[in-house]
1. Determine, from the Cβ-Cβ distance of E100 and V163 and an R0 of 45 Å, the FRET efficiency 1/(1 + (r/R0)^6), rounded to the nearest 0.05.
2. Measure of size requested: the Rg and Dmax of the stretch 62-163, with Cα atoms as the atom set and Å as the unit; please supply both.
3. Kindly state, to the nearest 0.05, the FRET efficiency for T151 paired with R123, given R0 = 30 Å and r defined as their beta-carbon distance.
4. Rank these by accessible area, largest first, 1.4 Å probe: S149, S69.
5. What residues have an amide H closer than 5 Å to that of T36, excluding those fewer than 5 places away on the same chain, when H is modeled at 1.01 Å from N in the peptide plane?
6. Got a sec? What order do E43, E153, E114 fall in by accessible area at 1.4 Å, biggest, i.e. largest, first?
7. As a test question: what accessible area, to the nearest 10 Å², does V70 have when a 1.4 Å probe is rolled over all protein chains in place?
8. What ranking of T119, T151, T36 comes out by heavy-atom accessible area, probe 1.4 Å, highest first?
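The values are calculated or read from the model by the stated rules, or taken from the named source; none is laboratory data. Note that this is a predicted model, so its numbers are computed, not measured. Neighbour counts are summed over all protein chains in view; Cβ atoms, including those assigned to glycine, are modelled from backbone coordinates with ideal geometry. Calculation scope for accessible area: heavy atoms of the full protein, side chains included, ligands and nucleic acids excluded. Shrake-Rupley method; radii C 1.70, N 1.55, O 1.52, S 1.80 Å.
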Amino acid sequence: MRLLVGICILGGTASCLLSMAARPKVPQGGSADTLTIFLTGNELGALKPCGCSGGQLGGLDRRGAILSSVSASKRITVDTGNFIQDEGQQDLIKLDILMEAFSRLGYDVVNLTEKDVQTAANRGLLDGAGLTFDLITAQSQDDANVPPSFTKELSLTGRTIAV
């Protein structure tokens with residue numbers, strides 16, 4: 001019986017090793033001619049602890065590891081906005097935390113929805129002080145100085161490209 005179990009374990013292990021050896025190797029951080037675009041969004045102030053069931057993938061606590069898997073010079077990190085549902089005290093705290101988190105995670109640009117623009121303007125967040133990313137919006141806000149577009153230049157295989 002032990003011999004049979006041992007043979008099964010060895011066979012399973014050998015199968016896994018052969019399968020892993022057959023996979024193409026992806027260089028850490030991408031190759032010289034690879035650009036990675038990370039696109040996140042629709043946070044709606046979902047921060048932990050949220051009271052939902054455990055074992056879910058994603059969230060701010062896991063983004064750092066994912067984003068750092070690609071060199072900052074070979075990636076563009078964008079969030080599409082939609083941060084809060086309301087302007088309650090907890091929503092406003094979450095907005096402040098999200099803006100700080102995006103700075104620490106090295107986001108390049110964050111899009112603001114109409115509600116995000118209004119709330120961020122009321123909180124004084126549109127002046128860019130302390131933010132390490134650019135803000136954009138498709139909303140036409142005369143009182144908000146947020147541009148509708150963003151460009152980042154990257155060097156790939158000896159060429160400079162603008163995205």
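1. So the FRET efficiency works out to roughly 0.95.
2. 14.7, 50
3. With a Förster radius of 30 Å, E is 0.65.
4. Highest to lowest solvent-accessible surface, that is S149, S69.
5. Residues meeting the amide H criterion: R75, I76.
6. E153, E114, E43
7. Accessible surface of V70 is approximately 20 Å².
8. T151, T36, T119
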